[in-house]
1. Out of the range 244-292, which residues are more than 27 Å from M181 (Cβ to Cβ) and either among the charged types (D, E, K, R) or over 15 Å from the mean Cα position of the chain (by Cα) (or both)?
2. Test V123 against the stated conditions and say whether it is without any contact (Cβ under 8 Å) to a residue 12 or more places away in the chain, more than 9 Å from the ligand (Cβ to nearest atom) and either within 18 Å of V265 (Cβ to Cβ) or surrounded by fewer than 17 Cβ atoms within 10 Å (Cβ to Cβ) (or both).
3. Here are the criteria: (1) in contact with a Gly (Cβ under 9 Å, 6 or more places away or on another chain); (2) within 9 Å of the ligand (Cβ to nearest atom). Tell me which single one I211 does not satisfy.
4. Taking the stated definitions as given, is P322 over 23 Å from A126 (Cα atoms), modelled with pLDDT under 95 and either under 14 Å from the mean Cα position of the chain (by Cα) or not small (G, A, S) (or both)?
5. Tell me, please, whether a residue that is within 29 Å of A261 (Cβ to Cβ), touching a His at 6+ places or on another chain (Cβ under 9 Å) and near the ligand (Cβ under 10 Å from one of its atoms) can be found in the range 159-176.
6. Among A196, A282, which is the only one that is within 16 Å of the ligand (Cβ to nearest atom), touching a residue at least 60 places away in the same chain (Cβ under 8 Å) and out of contact with any helix residue (DSSP H, G or I) (no Cβ under 9 Å at 6 or more places or on another chain)?
7. Confirm whether L157 is of a type outside the set (F, W, Y), modelled with pLDDT under 95 and crowded, with 17+ Cβ neighbours inside 10 Å.
8. Only one residue in V153, V130, V148 is assigned to a loop (DSSP other than H, G, I, E, B), in contact (Cβ under 8 Å) with a residue 40 or more places away in the chain, within 16 Å of the ligand (Cβ to nearest atom) and of a type in the set (A, V, I, L, M), so which one is that?
Amino acid sequence: MPEISSNPVYDLALSYQKTAALTAAIKLDIFTLLGKGASDAPALAEATGASPRGIRILCDYLCVLKLLTKEDGTYGLTATAQWLLDRASSGAQGETVDFLAAPEMISMLLDDPVSYVRNGGSVGLANVSVDNQIWVRFARAMVPFATVTAKRVAARLALQKIHPRSILDVAAGHGLYGIEMAKAFPDAKITAIDWAPVLEVAIDNARAAGIDGQFTAIAGNAFEVSWDGKFDLILLPNILHHFSADDCVALLKKSREALTAGGKVMVIDFVPDTDRVSPPEAAAFAYWMLATTPAGDAYRLEDYREMARRAGFTEVSGHPLPPTPQTLVSFE
Ligand SMILES: C[S@@+](CC[C@H](N)C(=O)[O-])C[C@H]1O[C@@H](n2cnc3c(N)ncnc32)[C@H](O)[C@@H]1O
């Protein structure tokens, strides 16, 4: 027998238990309750209305996962949980489980993993079907994840002294990319494209951000609808990864034709290294696309360069957006 220090198989095969416990803790507001003060299982049970036994076993497991600490039967938050899971924190990301761990997503990945590997993609259109309701769920749940990246992109443009006045946000979802641009460039007009029910969420968010005067929406399939004009900046955030390279080229061509002179297209996405196995989050994203789309992928910079050449662009550059796992790819 080889000398191995641990057996990852047990943990890997049971990884769905982590999803379950995280979801339970978020839904019961355990992290936020503990953020208000350390507590023991009976007190947490009373505050949540859950069974003391259930809370004790959940909280002990959250200690194993390094989200909680335990001393003399009293639980507290680790620094990670305090920042990312206490709703009082400005970095709170808990609501993202409503999309990331949605029953539809779990079922797509876990019901029959062999099927999409054999098939080289989802059997059927899965997440790229017309008007798929999962994207309304995404738009509502993923705001905390997108906000950090969208702010980084807006800050990068300001740093580069790029000042777009007409901006198209393709597959806008919650609309956060356009909204952050509108805040950074108050004289810019934003046009958002997505399916109609998703755009309702974006319009609400634009109103809440006080930028609805700068915001217009076009409902429909981004490949098919008219984009109504020319733009200094076209954003393609987290959309190309759903499609084959040929479809990405079609969308990039349509984007190039809709640019003003000197305009830019910016893709924000998970971009793995040449080896496709690093960095971990960007590399792992390809598997998600395998399960949930017919032909999507996590494209590398060289893949984008080839798409750009086919779409008629001459310059492509990639800029990581730390601390997010995403990269900004700029096409001119
Ligand atoms: C992963 S979300 C990205 C949302 C947002 N851009 C972001 O980066 O967080 C993908 C979005 O693409 C939209 N979408 C997918 N296919 C589309 C299509 N053919 N036409 C328009 N929107 C589409 C979905 O409705 C969803 O809002």
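The values are calculated or read from the model by the stated rules, or taken from the named source; none is laboratory data. All values derive from a computational prediction rather than experimental measurement. Cβ: placed from backbone, ideal geometry, glycine included. Neighbour counts: every protein chain shown.
1. Correct list: S244, A245, D246, D273, T274, D275, R276, V277, S278, P280, L290, A291.
2. In short, yes.
3. Only one criterion is unmet by I211, namely (2).
4. Judged against the criteria, P322 is a match.
5. yes
6. A196
7. In short, yes.
8. Just a single option satisfies the conditions, and that option is V130.
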